[in-house]
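One structure is given below, encoded as C-alpha cells.
The values are calculated or read from the model by the stated rules, or taken from the named source; none is laboratory data. Note that the structure is a prediction, hence the values are computed from the model and not measured. All Cβ positions, glycine included, derive from the backbone under ideal geometry; neighbour counts span all protein chains shown.
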C-alpha cells in the first residue's frame, strides 16, 4: 500500500497542501486588517459657502482640475457634499485642513500700498490677523477653525491677487511655506498673470 495515502482518505500530500493554503489565507486576512487599521480613510472636510461670484468660471474650473494631490505634508482630502464650487482641501492625518477657495471677491483689506509677497511668480496678499470680517473666507465648517477665530490666532488666509480670479488659501497654525509654494506653481502653470488691482484708499 502507498504510504502517502491512509485508508480511503485523500493523499497525505494533498492534506498538507490544503492546510498550508488555509494558513496563508488566514495570515493574509490578518495583515490586510492590520494595515487598514493603521491607515484610516482620509476624513472628509466640510466647507461652508461664502460669496464667490467667479467660482464656476473657466479659470477656477481649470485651477481646481490642476491642483496637486500634495501641498507639502498635506494630502488632498475629500469634501463633504454639497461642496461649494471652486473649493478644495488638504489635511494631515487627524490635523486641521488647508482650505482653497477660487473665485472670491477682492478682499476688502487689499488696498493701494498693501504689502505683497511673491512666491514662484505669484503675488500673495495676507489678510489681517483678525481674518476678513464677516465673510469668514476659508471657514472649513469643522470645529473652531474659522478664519479670524480668536481661538486660532495663528491661522492665516492668503489671496493670490495677480490672476484673472482671486484665489484664497487658508492655512492652519504651523503649516509652514510648503502649501503656498506648491499651490503657487499650480496657479502659475494654470492662470495667466495680470497686474494686481487693489482698491483705492479712502
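What are the pairs, 6+ residues apart or on separate chains, where a residue within the stretch 164-176 that is outside the structural domain of residue 125 (by TED's automatic domain parsing) has its Cβ under 7 Å from a residue that is surrounded by fewer than 23 Cβ atoms within 10 Å (Cβ to Cβ)?
Pairs found: none.
Please go through the stretch 153-171 and pick out each residue that is in contact with a helix residue (DSSP H, G or I) (Cβ under 7 Å, 6 or more places away or on another chain) and part of a strand (DSSP E or B).
158, 160, 167, 169, 171
When you look at residue 183, is it within 21 Å of the chain's Cα centre (by Cα) and assigned to a strand (DSSP E or B), yes or no?
No.
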